[in-house]
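The values are calculated or read from the model by the stated rules, or taken from the named source; none is laboratory data. Note that this is a predicted model, so its numbers are computed, not measured. When we count neighbours, we look across all protein chains shown, and the Cβ atoms used for this are built from the backbone with ideal geometry, even at glycine.
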Amino acid sequence: MTTFKRTLLTMLMAGAAPGALMAQIVEPTMPPEPPAFAAQGAPVFVPREAIQGFRKLDSYNEPDFVKAFVEAGKLPPVEERLPAEPLVMETANMPDGAGVYGDVMRHVIGGRPEGWNYAAGNSQGWGGIDIGTMECLTRVGPLFQVEPEDLAPLPNLAKGWDWSEDGRSLTVHLVEGAKWSDGDPFDAADVMFYWDHIVQDPEVTPLNGANPGTFGEGTTLTRVDDFTVRFDFTTERPEQILYAMGYGTFCPGPEHMLRPAHPEFSDNSYEEFRNAFPPDFLNFPVMGAWVPVEYRPDDIVVMRRNPYYWKVDSDGNQLPYLDEMHYRLSTWADRDIQAVAGTGDFSNLEQPANFVESLRRAAEEDAPAALEFGPRIIGYGLYPNLSGNGWGEPDERAQTIRELNRNEHFRKGIAQALDRQRLGESLVKGPFTTPYAGGLLPDTTYFDRESTVFYPYSLESAKAHFAEAGLEDTDGNGILNLPKDMGGGDVVMTLMANTDYGTDRTVAEGVVAMLQDAGINVSLNLLAGNDFDATRDAGRYDWRIQRTGTELVTGVQNTANLAPTGPNTSQLHMANAEGEMDLLPFEEELAQIVRDFMSSNDAEEKTELMKRYQTVATENLYGVGLTAYPGALVVNKRFANVPQGTPIFMFNWAEDNVMRERLFVPEDQQQSHELHPETLPGAPGEDGPVTAG
Ligand code: GLA
């Protein structure tokens, strides 16, 4: 019997008429208009070709200290290290023009690296570490400044692509002659290894969760030659694939390192494969601009410039301009404080608790850092585990909660028990936060307020919904009781939250208090970031609080994750050990909308599909939205080439959006923070950086 039927039965037997309860229910409306909050800087919009291209230049240049390595015979000449046609970052698009070499960007991060095996799911600690080491087939971060008419991913490791006439296949041309940071050639073998043995292997999930569904059902990839691969599709011209080729779903790792450690080609277990390159495995080969050369637990990760980096400026200067990168292993709150104080260089100001003080300091004339607020693209949601099929092996209590989660009245009760206005204000007062209905975030391209269903705060209504779900406080202890056939005990649920962020904790504590008032006993399960991610992905939670991802900002990225389109695309609902799903009718509908969206190329149709998505997702509370607010980019003033109006998050995080390989510090402002001056990465797995001498 479904919970709903059971509920009805319970009510009828108790003599309660459903109509009487209905009377107390407050009907949904549209979300309130967000308070006006003007973003401070607008990007200078340009076509994609103004940002970058691929071409051979007459000559190339590199820092003097790197020339010393060439002279000592320790490194081939720069023109041999670069591709025949390197990627040229156009100097004309750089706000301050061609840069000079030197200096360090001092990041502070709150995450901790698990290792360098991104392909097997290792977190590198976030905060721009993996964005700086991983390069992907296409690039999406800088798209915030691309003219809407030309909006499509930028070529990157894929220097170009051609659609077949029938739109059923896409031939992808890889950059030719690019090398990993240890000098090993980058080619189709790296791309095919990622596809065949990472994406297609059900035992392996890369960081950021790429799986076959990410690329559209039935999509295949074939090697054509060393520098060409071909996608074949079951639908026509799914241009969406170009986004799936970007961060973080198609960023191949070094096949020459990964293959020998992969269980198919070694005695390693999958766990051993995942942990084959721990954080203290130095000089791990990357395609990114900087290579990890030093790791001190809970202290710092240091990276040095990649002498094989395959990007140059229009004058032929090999990028990056910055020789070193630091990632202090601290807290996210400390990132804000240090960036504003000038002891760190960069922060995505996203902890509302730090907004007011940061704004105050940044307004002072001698402020070391510039601070610019962007659109409202940070959101928090409360997400139910919707699988009743045993995903994550719930015990009896947890299984009961999942059955409740699958009851729409229970979800509506939760939504109406929450005063989202007050929750936002508990983070920061002022025009920042706005109640968030769920689904796409307000302030984003596909968001449509009229298609959004918002369940307003009403404790009465929440209780009426809970009663419809069969929950009443039968023993008068202030906590709702389960129906008799579910044991009759108090409703006790757990709420998982990430302790790496102060905001997550504050939001979670607010939710617990509000649900308690509505008669639900919630116990907090506070976990550090890496454990939180692992527990979520294993399905071992009742409800969780989480910051929204990119799919709810742009719609065109990680699109498959917007609904349970496949057995493991949705973090709310995955298949059980037997691979079975038990989707609710509205989840089926959402999945179909998302599939249609992914295979459509008609702009109008896509807009309509996203409106429909928004309605179905918010009406059925596929996640209860909580609050949304803007973030600010904080960068130390000594850095040049920071693009105007860079959002902290959009197609990617600001660490990609600012194009760090083009940032530089003018000579007269350079500081001496380098920990390993005049060095380059050593051999993979060996001790740290090496000198020319
Ligand atoms: C974390 C931080 C973000 C951003 C990303 C980059 O999620 O909270 O601000 O730095 O890492 O991956």
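Observations
- When the stretch 311-332 is limited to residues that are touching a Pro at 6+ places or on another chain (Cβ under 7 Å) and assigned to a strand (DSSP E or B), the one that is nearest to the ligand (Cβ to nearest atom) turns out to be LYS311.
- Unmet requirement for PRO585, which otherwise passes all of (1) crowded, with 23+ Cβ neighbours inside 10 Å; (2) closer than 29 Å to THR235 by Cα; (3) out of contact with any His (no Cβ under 7 Å at 6 or more places or on another chain): (1)
- Any hit, the stretch 162-172, residues being within 16 Å of the ligand (Cβ to nearest atom) and modelled with pLDDT of 95 or more: no
- Considering the stretch 406-450, and only residues there that are touching a strand residue (DSSP E or B) at 6+ places or on another chain (Cβ under 6 Å) and of a type in the set (Ser, Thr, Tyr), the residue that is surrounded by the most Cβ atoms within 10 Å (Cβ to Cβ) turns out to be TYR436.
- Residue match in the stretch 613-629 (condition: of a type in the set (D, E, K, R), more than 16 Å from the ligand (Cβ to nearest atom) and in contact (Cβ under 8 Å) with a residue 12 or more places away in the chain): yes
- Residue in the stretch 468-479 that is at pLDDT below 95, surrounded by fewer than 18 Cβ atoms within 10 Å (Cβ to Cβ), over 30 Å from GLY555 (Cβ atoms) and of a type in the set (D, E, K, R) present: no
- When MET650 is tested against the conditions (1) more than 15 Å from the ligand (Cβ to nearest atom); (2) in contact with a Ser or Thr (Cβ under 7 Å, 6 or more places away or on another chain), the lone failure is (1).
- Candidates ASP162, ASP187, filtered to the one that is within 29 Å of ARG662 (Cβ to Cβ), among the acidic types (Asp, Glu) and touching a strand residue (DSSP E or B) at 6+ places or on another chain (Cβ under 6 Å): ASP162
- In the stretch 297-310, the residues that are out of contact with any His (no Cβ under 7 Å at 6 or more places or on another chain) and either surrounded by fewer than 21 Cβ atoms within 10 Å (Cβ to Cβ) or assigned to a loop (DSSP other than H, G, I, E, B) (or both): PRO297, ASP298, ASP299, ASN306, PRO307, TYR308, TYR309, TRP310
- If you check THR499, THR503, THR559 for being under 30 Å from ASN652 (Cβ atoms), within 16 Å of the ligand (Cβ to nearest atom), in contact (Cβ under 8 Å) with a residue 60 or more places away in the chain and of a type in the set (Val, Ile, Thr), only one passes: THR503.
- Residue list for the stretch 377-405, filter: in a helix (DSSP H, G or I), of a type outside the set (Lys, Arg) and under 27 Å from the mean Cα position of the chain (by Cα): ASN405
- The set of residues in the stretch 333-376 being more than 14 Å from the ligand (Cβ to nearest atom) and part of a loop (DSSP other than H, G, I, E, B) consists of GLY342, THR343, GLU364, GLU365, ASP366, ALA367, PRO368, PRO375, ARG376.
- In the stretch 153-200, residue surrounded by the fewest Cβ atoms within 10 Å (Cβ to Cβ) [restricted to those that are without any contact (Cβ under 8 Å) to a residue 24 or more places away in the chain and under 23 Å from the mean Cα position of the chain (by Cα)]: GLN200
- The sole residue among GLU686, GLU674, GLU655, GLU667 that is away from the ligand (no atom under 16 Å from the Cβ), of a type in the set (D, E, K, R) and under 20 Å from SER347 (Cα atoms) is GLU674.
- Test: residue in the stretch 128-138 that is within 16 Å of the ligand (Cβ to nearest atom), assigned to a loop (DSSP other than H, G, I, E, B) and at positive phi: yes
- The set of residues in the stretch 110-123 being under 14 Å from the mean Cα position of the chain (by Cα) and either within 9 Å of the ligand (Cβ to nearest atom) or of a type in the set (Val, Ile, Thr) (or both) consists of GLY111 alone.
- Test for GLU71: is it farther than 30 Å from PRO148 by Cα, within 16 Å of the ligand (Cβ to nearest atom) and of a type outside the set (Lys, Arg): no
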